[in-house]
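A.B. asks: Input: one structure, supplied below.
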Amino acid sequence: MLLAIDVGNTNIVLGVFDGERLVESWRLGTLRERTADDIGVWVAQLFQNRAIDIDRITGIVMGSVVPPLTGTMMTMAQRYFGMTPLNVDHTVDIGMPLLYKHPAEIGADRIANAVAALNLYGRGAALIVLDFGTATTFDAVSARGEYMGGVICPGVQISADALFQRAARLPRVDVRKPCDVIGRTTVGAMESGLYYGYVGLVDGLVRRIKRELGGNAVCVATGGLASVISPEVDLIEHVDPDLTLQGLRMIWERNRPS
């Protein structure tokens, strides 16, 4: 069994694979002050609750975009699993040329997403991979399987929080599809602006990236709000909530010890 760990700015996502099959996954809020023992005890309890034997884990792969927690997670893995994780970055063999000017700047989640999308959905066509996380990222993969680069935008939740923090009379609202575009209350107007404004942003950027890539690029979405935004964006063809974990698994398979 393989333990895949995706350390993001908002959530730490863990997935247990039995071969290619994801058998269990969990989310933990990202708190930078967590210690290796905090996380280790939490993980041990989750394994126990699902009757998964920790001793069956024979490999660990990790992608982290939170540097203060990278070392913490490495220590947790060594202390509670007795092994050092494969830490995914631009130096790892991913089977994909990185055409970014500064590859060290590419987040591990973006690398994993591109690898998974290419293997699962790339059938000779270019790809656009969206990840609706703390930031919303758009990553472009050429029809030849090359990582081209992409776009990074503030996540929709960041936009909602900024509206609440910077405008004294506006309340905090959840990101969801409103009944009408024309809001008849302040909350309704904010919900419409956040939701449909973001839908317009995504639709416009996907169209522009498609034109730049040329051909019929396939659009794949993942991340916490993918299922909320994607239904209103016709150009999104696939929604895969486990794309990042699958990408980490594929990278592990490519680099696993013999």
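A.B. asks: Calculate the dipole size of the chain relative to its Cα centre from +1 charges on Lys and Arg beta carbons and -1 charges on Asp and Glu beta carbons; express the result in debye to the nearest 20.
C.D. replies: 440
A.B. asks: Using Cβ counts within 10 Å as a stand-in for footprinting exposure, how do SER227, SER64, SER192 rank, fewest first?
C.D. replies: The most exposed by this proxy come first: SER227, SER192, SER64.
A.B. asks: So how tilted is helix 67-81 from the main axis of the chain? Cα-based, degrees 0 to 90, rounded to 10.
C.D. replies: For 67-81 against the chain, the angle is about 40 degrees.
A.B. asks: Pick from LEU205, LEU130, LEU69: which is most flexible by mean-square fluctuation in a GNM of the chain where alpha carbon atoms under 10 Å apart are linked?
C.D. replies: Between LEU205, LEU130, LEU69, it is LEU205 that shows the largest mean-square fluctuation.
A.B. asks: Of ALA44, ALA226, ALA112, which has the largest mean-square fluctuation in a 10 Å C-alpha GNM of the chain?
C.D. replies: Sorting by GNM fluctuation, first place goes to ALA44.
A.B. asks: In vacuo Debye scattering of the chain, one point per C-alpha: log10 I(q)/I(0) at q = 0.11, 0.17 Å⁻¹?
C.D. replies: Summing over Cα pairs of the chain leads to -0.64, -1.28.
A.B. asks: Now, a different point. So which trypsin sites (Lys or Arg not before Pro) in region 157-258 are both in a DSSP loop and have at most 11 other Cβ atoms within 10 Å of their Cβ? Walk me through the intermediate numbers first.
C.D. replies: Numbers: sites: ARG166, ARG169, ARG172, ARG176, ARG184, ARG207, ARG208, LYS210, ARG211, ARG249, ARG254; in loops: ARG169, ARG172, ARG176, ARG184.
Loop-located and lightly packed - ARG169, ARG172, ARG176, ARG184.
A.B. asks: Another question, if that's okay. Under a point spin-label approximation (7 Å from Cα along Cα-to-Cβ), what is the GLU146-GLU105 distance to one decimal in nm?
C.D. replies: 1.9
A.B. asks: Work out the charge dipole of the chain with +1 on the Cβ of Lys and Arg and -1 on the Cβ of Asp and Glu about the Cα centre, then indicate which of PRO231, ALA108, LEU14 is farthest towards its positive end.
C.D. replies: In the chain, that residue is PRO231.
A.B. asks: Give the distance, in whole Å, between the Cα centre of region 209-252 and the Cα centre of region 63-111.
C.D. replies: 21
A.B. asks: Tabulate in residue order the Karplus-calculated ³J(HN,Hα) for region 228-245, using 6.51 cos²θ - 1.76 cosθ + 1.60 with θ = phi - 60°, rounded to whole Hz; enter x for Gly and Pro.
C.D. replies: Result, ordered by residue: 8, 7, 4, x, 9, 10, 4, 6, 7, 9, 9, 10, 10, x, 9, 4, 5, 4 Hz.
A.B. asks: Round to the nearest 10 and give me the degree value, 0 to 90, for the angle of helix 108-121's Cα axis relative to the longest principal axis of the chain.
C.D. replies: 80
A.B. asks: Connecting C-alpha atoms closer than 10 Å in a GNM of the chain, tell me which of ASP37, ASP55, ASP240 has the biggest fluctuation.
C.D. replies: Fluctuation is largest for ASP55.
A.B. asks: Let me ask something additional. Can you list residues from other chains, or at least 5 along the same chain, whose modelled amide H is less than 5 Å from the amide H of VAL218?
C.D. replies: ALA126, LEU127, ILE128
A.B. asks: With everything on Cα atoms, drop me the angle between helix 36-49 and the longest principal axis of the chain, reported from 0 to 90° to the nearest 10.
C.D. replies: 90
A.B. asks: To continue, here is another question. So who's got an amide H within less than 5 Å of the one on ALA135, skipping anything under 5 residues away but keeping other chains? H placed 1.01 Å off N, in plane.
C.D. replies: The answer is GLY155.
A.B. asks: Continuing with this model, one more query. Using a basic spin-label model with each label point 7 Å from the Cα along Cα→Cβ, how many nm lie between MET1 and ASP161?
C.D. replies: The answer from the label model is 3.3 nm.
A.B. asks: Here is a follow-up. Report relative contact order for the chain in percent, whole number only (criteria: Cα-Cα under 8 Å, sequence separation at least 6).
C.D. replies: Relative contact order, the chain: 18 percent.
A.B. asks: Please report the antiparallel percentage of the DSSP beta bridges confined to the chain, to the nearest 5.
C.D. replies: If we restrict to bridges inside the chain, about 60 percent are antiparallel.
A.B. asks: Given R₀ = 22 Å, what would the calculated FRET efficiency be for LYS177 paired with ALA125, taking r from the Cβ atoms and rounding to 0.05?
C.D. replies: Plugging the Cβ-Cβ distance into 1/(1 + (r/R0)^6) gives 0.15.
A.B. asks: Where does the chain land at 222 nm, in deg cm²/dmol rounded to the nearest 500, when only DSSP H runs of n ≥ 4 count, each adding -39500 (n - 2.57), divided by all residues?
C.D. replies: -12500 deg cm²/dmol
The numbers here are math on the coordinates, done by the rules we state, and not lab data. These numbers come from a predicted model, not from an experiment. Ideal geometry is used to build each Cβ from the backbone, glycine not excepted, and the neighbour counts take in all protein chains shown.
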